[in-house]
Amino acid sequence: MPSESLARIGRVLAGLVLASLVGAAADKPAPLDAGHWRQVFARPDHAPMPADNPAAPEKIALGAKLFEDTRLSGSGDMACSSCHQADLSFSDGVDRHLGHDGQPLDRRTPPLWNLAWGLSFFWDGRASSLEAQAMVPIENEREMAGNLQKALRALGSDPQMRKDFAAAFPDDPAVTQANLAKALAAFQRTLVSPETRFDRWVKGDDTALEANELAGFSLFVGKAGCVACHQGWRFTDEAFHDIGLPGDDKGRGPVIGVSAANHAFKTPSLRERVWSAPYMHDGSLATFDDVVAHYADHVVQRPTLSADLPRPIELNDEERAQLVAFLATLSSDDPPRPANLPSKAMSWGTDEKAIPTSTVSQKDKRFTPGAILLKVGEALRIVNDDTRVHNVRLDGPGKSFNSDGQNPGDTVTIGFDGSGHYDVICGIHPEMRLSVEVAQVR
């Protein structure tokens, strides 16, 4: 065989060997950047509280007492704790609780962990505060079927309750609906999930997780793409996603009047989920294995599916087991008890310094810049240069605005004919917040 032919064959074989090596390297996942993810999932050192409902021991104690009080229900035999049971992560262990009519409620009882950091409440986000949320189940005819005015009269006729309200609200010592809501909300904000083995790993203990659990975490933040929605130490982005579950429940869409948000529900936290099965807004998945199988094999394809939902997710049996093993490390070994975390006042919006500009980006689920200055008569342009559908909701003095679904590439334009401060959020991704200050032209 001529020497040039041998050389050509040698080059071909070398190319094939190199290609196989490169292919093998490409198939191998990148090593876990432990330092980065330990920062991302670090727990806070305080729990936020609103300035208009500061935490106080007497108020929290009253809220805990009211949480167990059956006088809030119409039948007199049901309390908040009837469905939100402490040993079940403040949930109830069934797919959907039976209502007063004997039929299952429309949605699963959600756990109550870490709601101090929440931006909206209920599976569809229809309540904007814990204070507002606390009142809804009491008067819902299928849930507690109570009458607030009747309940307040009953509480007000109880001498000890009057003393408790007076101690909790010394500046307004009355048994009122507002104080009832504030006390219940103050108590719920103390329900902070305790540290687990994962948190010990986050703090630097490399022995806290087993090899298969750490492999599952690598899948969670990598190939499986779970971290796209389950972000931060609470493992939720506070946003609303259609994850392809079957069913007719439209979820967030009707709440904000945006069809692009149909079938979207709030991302649940993954903290202490071992104790709160079954899963999803309808309780349709019984185990972590079922949840992983849903994302890998059973997603219902439709136009409203979340852009953050990885498609497809290809996991072998070993990888599925690893992912399930990791999820269990976010729960306590025994029924969890709330952690003791000091409270700190919070303010709505952004800490960014406002800059004069009339154009705002929505890339990567962020308003950029997050705070702007405009002049009266100037128009605000919000550009969706992201890969997701967004929605623009604005509130301020004498002005409210709610866009439809804003597709990638769309621009929403809002004019201002008066001065004032305006808050803007995305109704689908409420962590997106924009502060707008409009001033008169001088």
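All other residues with a Cβ under 13 Å from the Cβ of residue 415 taken together, and with Lys, Arg as +1 and Asp, Glu as -1, what is their net charge?
Net charge in that neighbourhood comes out at +1.
How charged is the neighbourhood of residue 376? Take every other residue with its Cβ under 13 Å from the Cβ of residue 376, and add Lys/Arg as +1 and Asp/Glu as -1. The partial results should precede the final answer.
Values: positive: 375, 399, 442; negative: 378, 417, 437.
For residues surrounding residue 376, the net value is 0.
Amide H of residue 264 versus every other amide H placed in the peptide plane: which residues, excluding those fewer than 5 positions away on the same chain, fall under 5 Å?
Distant-sequence amide H within range of residue 264: 252, 253.
Over the chain, what is the mean sequence separation of C-alpha contacts under 8 Å (at least six apart), divided by residue count, expressed as relative contact order in percent?
Values: 833 pairs, mean separation 70.5, N = 442.
Normalised by residue count, the contact order of the chain is 16 percent.
Write down the Å³ per residue value for the convex hull defined by the alpha carbon atoms of segment 137-277. Working shown, then result.
Values: hull volume 27.8 nm³, N = 141.
Convex hull of Cα atoms, per residue: 197 Å³.
Which pairs, out of 353/375; 65/150; 266/353; 59/344, put more than 21 Å between their alpha-carbon atoms?
Numbers: 353/375 17 Å; 65/150 18 Å; 266/353 30 Å; 59/344 15 Å.
Exceeds cut-off: 266/353.
Per DSSP H run of at least 4 residues, take -39500 (n - 2.57); add these up for the chain, divide by its residues and hand me the 222 nm value, nearest 500 deg cm²/dmol. Write out the running numbers ahead of the final one.
Working: 13 runs with 128 residues, N = 442.
Helices in the chain give a 222 nm mean residue ellipticity of -8500 deg cm²/dmol.
Can you list the chymotrypsin sites (Phe, Trp or Tyr not before Pro) in segment 347-408 that are in a DSSP coil and have 14 or fewer other beta carbons within 10 angstrom? Mind dumping the intermediate values first?
Values: sites: 348, 367, 401; in loops: 348, 367.
The qualifying sites are 348.
How big is the shadow of the Cα convex hull of segment 368-442, averaged over all directions, in nm²?
For the Cα atoms of segment 368-442, the hull's average projected area reads 4.6 nm².
Using only Cα atoms, find the angle between the long axis of helix 177-188 and the longest principal axis of the chain, and express it within 0 to 90 degrees, rounded to the nearest 10.
40
Provide Rg over Rh for segment 129-185; use the alpha carbon set for both Rg and the Kirkwood Rh (inverse mean inverse pair distance). Kindly include the intermediate steps, with their values, before the conclusion.
Values: Rg = 11.5 Å, Rh = 11.7 Å.
Reported Rg/Rh, Kirkwood definition of Rh: 0.99.
log10 I(q)/I(0), Debye, Cα-only segment 353-394, no solvent, q = 0.30 Å⁻¹?
The computed values of log10 I(q)/I(0) come out as -1.13.
Along the three principal axes, how long is segment 47-188 when you take its alpha carbons, biggest first, rounded to the nearest angstrom?
Dimensions of segment 47-188 along the principal axes of its Cα atoms: 42, 33, 27 Å.
Note down, for segment 157-218, the three equivalent ellipsoid semi-axes (square root of 5 times each alpha carbon gyration tensor eigenvalue), biggest first, whole angstrom.
Output for segment 157-218: semi-axes of 46, 10, 9 Å.
Relative contact order for segment 278-342 using alpha-carbon pairs under 8 Å, separation at least 6, rounded to a whole percent?
Details: 22 pairs, mean separation 19.1, N = 65.
In percent, rounded to a whole number, it is 29.
Separation of segment 109-173 and segment 56-106 by C-alpha centroid, Å?
After rounding, the separation between the Cα centres reads 11 Å.
Using all alpha carbons of the chain, what is the percent of pairwise distances in each 10 Å bin, ordered from the shortest bin to the longest?
Histogram of Cα-Cα distances, whole percents per bin: 4, 18, 26, 25, 16, 6, 2, 2, 1, 0, 0.
Tell me the angle of helix 3-27 to the major Cα principal axis of the chain, expressed in degrees between 0 and 90 and rounded to the nearest ten.
In the chain, helix 3-27 runs at an angle near 10 degrees to the longest axis.
Looking at the chain as a GNM with Cα springs under 10 Å, which of 242, 124, 386 has the largest mean-square fluctuation?
386
Sequence-distant or interchain residues sharing an amide H contact under 5 Å with residue 406, placed H: which?
Under 5 Å from the amide H of residue 406 lie the amide H atoms of 390, 391, each far enough along the sequence or on another chain.
Could you list 267, 70, 304 in order of exposure, starting from the residue whose Cβ has the fewest other Cβ atoms within 10 Å?
Numbers: 267 22, 70 16, 304 19.
In order of increasing Cβ crowding within 10 Å: 70, 304, 267.
Could you compute how fast segment 302-438 diffuses translationally, taking Rh as the Kirkwood radius over C-alpha pairs and applying Stokes-Einstein at 4 °C with viscosity 1.567 mPa s? Give it in µm² per second.
On the way: Rh = 17.9 Å.
D = 72 µm²/s.
Measure nothing fancy, just the Cα-based angle from helix 130-139's long axis to the longest principal axis of the chain, in degrees from 0 to 90, nearest 10.
Roughly 70 degrees between the two axes.
Read the figures in this text as sums done on the coordinates, not as results from a lab. Please read these numbers as outputs of a predicted model, since none were measured by experiment. Heads up, the Cβs are rebuilt from the backbone with ideal geometry, glycines too, and the neighbour counts pull from every protein chain shown.
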